Structure formats: structure tokens, C-alpha cells
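Encoded as C-alpha cells, the structure appears first; notes follow it.
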């Protein structure tokens with residue numbers, strides 16, 4: 001069912017604000033479940049999340065829709081950090097790479113998180129996003145001075 005939903009999302013290419021609200025709430029609620037079952041396999045809830053997550057990120061085109069996912073992204077980042085779940089970090093990174101380049105103003109609000117991730121994990125996958133966000137932030141700072 002998750003695969004069909006992901007395919008449907010991909011075909012639509014754009015989702016309404018209301019659908020993004022429902023998906024962001026679904027994603028956030030899925031993080032409340034255990035990541036592994038008793039046999040150390042990924043649970044169904046996280047399988048659903050990974051199937052739908054990046055397809056959804058591709059449908060985010062404006063900051064209002066992106067902001068709906070903010071608490072989910074923060075929670076995913078913190079869970080990955082606190083529970084040392086590298087895969088959550090990877091999903092978080094991929095989501096940010098997709099929406100951060102399109103929505104640079106939104107990404108600028110999360111520079112501190114990107115820096116923390118980059119230096120803590122010694123992972124350079126967000127370097128391009130950091131550079132774009134940094135220069136965008138600097139540009140806004142200079143505009144505000146005049």
C-alpha cells in the first residue's frame with residue numbers, strides 16, 4: 001500500500017497544503033514506533049516512512065508546505081543523534097538535499113543543524129547546501145544593513 005501511495009504521489013508531482021499537513025503528521029507519528037522489531041528487522045512503520053518520504057520531498061515547492069515538516073525533520077534529526085541511528089540521519093540528509101536547494105530561505109533557518117551534523121558525523125553530504133545557505137544568509141544580512 002505504501003508503494004502505491006508513493007507512486008501516486010510521484011505521478012501527482014504537486015500536493016495540496018492539506019495533504020502535506022496530513023503527511024507531515026503521519027511522518028511524525030511514525031517516529032513514535034520502534035525502529036527495529038524483535039528480530040532486528042526494520043518495522044513496518046519505518047518501511048512505510050522510507051517508501052513515502054523522498055517521493056513527498058519532491059512535491060514540496062513552497063515554504064509554507066516545507067514548514068509543515070519542520071517538527072518531523074527536527075525529531076528525525078534528534079532521534080538519529082540521540083539513538084545513534086545512522087539511517088535516520090541519511091533519510092534526514094536526503095530530505096534536506098531535495099528541499100533545501102529549492103527552498104534556500106527555509107534551509108537558512110537550519111544552518112546550525114547542518115553544521116552540527118557535518119562536524120559531528122564528519123559527513124560532507126550537506127556541504128553544497130551549507131554553502132548555498134551561507135551565501136544566501138550573508139546576502140540577506142548585507143541587504144538589511146542598507
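What to note about this one:
- Helix 2-12 and the long axis of the chain differ in direction by around 40°, with both axes built from C-alpha atoms.
- Extension gain, residue 94 back to residue 12 (0.36 nm per residue minus Cα-Cα distance, nm): 27.5 nm
- Compared with the dominant Cα axis of the chain, that is its longest principal axis, helix 86-102 is turned about 50°.
- Using 0.36 nm per residue and subtracting the Cα-Cα separation, the extra length available between residue 40 and residue 61 on full extension is 3.9 nm.
- As a ratio to 2.2 N^0.38 Å, the alpha-carbon radius of gyration computed for the chain takes the value 1.09.
- Helix 111-121 vs. the chain, principal-axis angle (Cα, 0 to 90°, nearest 10): 60
- Helix-only mean residue ellipticity at 222 nm for the chain, each DSSP H run of n ≥ 4 adding -39500 (n - 2.57), per residue, nearest 500: -23000 deg cm²/dmol
- Mean separation of Cα pairs under 8 Å and 6 or more residues apart, divided by the residue count, gives segment 2-145 a relative contact order of 21 percent.
- Subtracting the Cα-Cα distance of residue 51 and residue 123 from their residue separation scaled by 0.36 nm leaves 23.6 nm.
FYI, it's all coordinate maths here, none of it is from the lab. Small disclaimer: the values here were computed from a predicted structure and weren't measured.
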